[in-house]
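J.: First the structure, which I've put down as structure tokens, then a few questions once you've had a look.
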Amino acid sequence: MSHGEAAALYAHLASPAGRDDPYPVYAKLRQLGPLVGVEPGFLIATSFETVDEVLRDSAFGVGGGSGRLLDASMLNNNAPDHTRMRRLFAGAFTPRRVNGLADAITAQARELLREMSAAPGRQADLMADFAYRLPVGVICELLGVPIADRGWFRPVAADVALELEGEMTPEEEASRQSAAELLTAYFLSLVRDRRRSPGDDLISELAASDALAEDELIGNLALLLIAGFETTTNLIGNGVMTLLDHPAHLARLVADPALAERYVEEFLRFDPPVQLTSRVALEPTVVHGHDVDPGWFVMALIGSANRDETRFADADAFRPDRTGNTPISFGAGAHFCLGAVLARLEARIAFPLLLGCLPGLALAGEPVRRSRMVLRGYETMPVTWDRS
Ligand code: HEM
């Protein structure tokens, strides 16, 4: 399972060209095998089966902390801390509670699209004006974060989200640190306010209980804010770009908005907002018949698993009509995305409304991608549309 070629492919994946279009690199890695050794103690799971196996294997855990904001969050902790924290937040994300937000999401989406369609010259930035604002509005409402603050969240959260990427340049590390300090101070003051005058919201509820240490409360609030919109923003942005690249499919969705559910599932498979995650072996285990020693690092390539031909026929094609579509875009096992129901609901509501309010949607300039290996999406996407 070890290949010299793997190290070169991995280096390419981390380069600007690889980040821009990782899919051909993933295909080459899959040709080397479902579990590829890059160097001693560093493996890459490339197939659907091995990614799923690694994420579900309790012999693997998430990596240790290095003094960052999200270290104390559930995402970066193992049982029993992970289990305790996740249970506390899970109540806010039950399908029943989330589905109860459908009308509020629809109202927010309509309002944003009304503002957008009134833009002078029928031009707007789809990312800033819609793809970002909808999920951030929804998560602010769910957590009880004042909506008026959402203006400054986007760059700050994008910088804190650098913690989810493998490597950072010194400049990125500096931006990450100041953003983390800003967000920590913000949440600390919000928590103090809610302790003084509680409201009917999740932050008030958690601030009043002593179930979480202060760094855990702040770390998880930051995680929810970031996970709550960085990813969903990119699901909307990547989905719009996929439609613009496939005009016949776009026309079909316009004609039949009831297809939104299938389209969203295929957007998630075809160009997932989270491309990879990683694990460390906490004890000896076996993956796909190979022994893995404690301390070994395994990268689980979600974006590659979703293009695995042995799982998805014609995997490189965008085919919203595929049956039994089960992308692994929300992960698997203990850390399976807590917000999967919410993200799907937001996207299923957003796409038909977006296409209905902005007929003839088209690019008005070159979209700019964020150069990231983990969170895949656009910084800006200038669009235009016909008069509605
Ligand atoms: C399309 C949108 C989204 C995608 C693709 C996505 C993807 C993921 C993935 C792959 C993981 C697992 C990471 C790992 O195993 O290391 C995860 C975890 C998580 N996600 Fe999402 N997510 C999305 C939206 C959301 C939303 C809307 C929320 C909350 C409002 C959310 C909250 C979380 C949380 C709290 C975790 C950590 C769960 C744990 O550690 O137990 N996500 N997400």
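The values are calculated or read from the model by the stated rules, or taken from the named source; none is laboratory data. From a predicted model like this one, the values you see are computed outputs, not experimental measurements. Neighbour counts run over all protein chains shown; Cβ positions are idealised from the backbone, glycine included. Note: areas computed on protein heavy atoms with side chains; ligands, DNA, RNA excluded. Shrake-Rupley method; radii C 1.70, N 1.55, O 1.52, S 1.80 Å.
J.: Looking at (1) under 17 Å from Gly237 (Cβ atoms); (2) surrounded by fewer than 20 Cβ atoms within 10 Å (Cβ to Cβ), which is the only condition Glu141 fails?
T.: Single failed check for Glu141: (1).
J.: Pick out the one residue from Val38, Val51 that is closer than 20 Å to Met373 by Cα and part of a strand (DSSP E or B).
T.: Working: Val51 fails: part of a strand (DSSP E or B).
From the options Val38, Val51, the qualifying one is Val38.
J.: For the stretch 117-137, which positions are open to solvent by less than 10 Å² (accessible area, probe 1.4 Å) and either more than 25 Å from Thr384 (Cα to Cα) or touching a strand residue (DSSP E or B) at 6+ places or on another chain (Cβ under 7 Å) (or both)?
T.: Answer for the stretch 117-137, where residues must be open to solvent by less than 10 Å² (accessible area, probe 1.4 Å) and either more than 25 Å from Thr384 (Cα to Cα) or touching a strand residue (DSSP E or B) at 6+ places or on another chain (Cβ under 7 Å) (or both): Leu126, Met127.
J.: Let me ask something else about it. Does Arg110 satisfy the condition of being of a type in the set (D, E, K, R) and more than 16 Å from Ala343 (Cα to Cα)?
T.: On the way: of a type in the set (D, E, K, R): yes; more than 16 Å from Ala343 (Cα to Cα): yes.
Answer is yes for this residue.
J.: Test Leu69 against the stated conditions and say whether it is surrounded by 21 or more Cβ atoms within 10 Å (Cβ to Cβ), among the aliphatic types (A, V, I, L, M) and under 26 Å from Glu214 (Cβ atoms). Outline the logic, then answer.
T.: Working: surrounded by 21 or more Cβ atoms within 10 Å (Cβ to Cβ): yes; among the aliphatic types (A, V, I, L, M): yes; under 26 Å from Glu214 (Cβ atoms): yes.
For Leu69, the condition - surrounded by 21 or more Cβ atoms within 10 Å (Cβ to Cβ), among the aliphatic types (A, V, I, L, M) and under 26 Å from Glu214 (Cβ atoms) - is met.
J.: Would you check which residues across the stretch 94-108 are surrounded by 14 or more Cβ atoms within 10 Å (Cβ to Cβ) and not in a helix (DSSP H, G or I) and list them?
T.: Leu101 - this is the single residue of the stretch 94-108 that is surrounded by 14 or more Cβ atoms within 10 Å (Cβ to Cβ) and not in a helix (DSSP H, G or I).
J.: Still on this structure, I have one more. Going residue by residue through the stretch 56-66, is there one that turns out to be open to solvent by 40 Å² or more (accessible area, probe 1.4 Å), within 21 Å of Gly303 (Cβ to Cβ) and either at pLDDT 95 or above or not aromatic (Phe, Trp, Tyr) (or both)? So that I can check it myself, show each step before the final result.
T.: Within the stretch 56-66, the subset open to solvent by 40 Å² or more (accessible area, probe 1.4 Å) is 56, 58, 64-66.
Still in the running and within 21 Å of Gly303 (Cβ to Cβ): 56.
With the extra rule that they be either at pLDDT 95 or above or not aromatic (Phe, Trp, Tyr) (or both), the set shrinks to 56.
Yes: one or more hits.
J.: Quick check: anything in the stretch 83-93 surrounded by 17 or more Cβ atoms within 10 Å (Cβ to Cβ), at pLDDT 95 or above, closer than 30 Å to Gly63 by Cα and under 19 Å from the mean Cα position of the chain (by Cα)?
T.: Looking for residues that are surrounded by 17 or more Cβ atoms within 10 Å (Cβ to Cβ), at pLDDT 95 or above, closer than 30 Å to Gly63 by Cα and under 19 Å from the mean Cα position of the chain (by Cα), one finds at least one in the stretch 83-93, hence yes.
J.: Moving on to the next point. Six or more apart or on different chains, Cβ under 9 Å: which pairs go from a residue in the stretch 322-333 that's aromatic (Phe, Trp, Tyr) to one that's outside any loop (DSSP other than H, G, I, E, B) and open to solvent by 20 Å² or more (accessible area, probe 1.4 Å)? Could you list them?
T.: Phe330/Val274; Phe330/Arg344
J.: Let me ask you something else. Tell me, which residue of the stretch 335-383 that is of a type in the set (Ser, Thr, Tyr) and open to solvent by 40 Å² or more (accessible area, probe 1.4 Å) is modelled with the highest pLDDT?
T.: Narrowing the stretch 335-383 to residues of a type in the set (Ser, Thr, Tyr): 371, 378, 380.
Keeping just the survivors that are open to solvent by 40 Å² or more (accessible area, probe 1.4 Å) gives 371, 380.
On the way: Ser371: 89, Thr380: 97.
For the stretch 335-383, the residue satisfying everything is Thr380.
J.: Let me ask another. Give me a count of the residues in the stretch 110-144 that are within 17 Å of Ala364 (Cα to Cα) and not in a helix (DSSP H, G or I).
T.: Of the residues in that region, 5 qualify.
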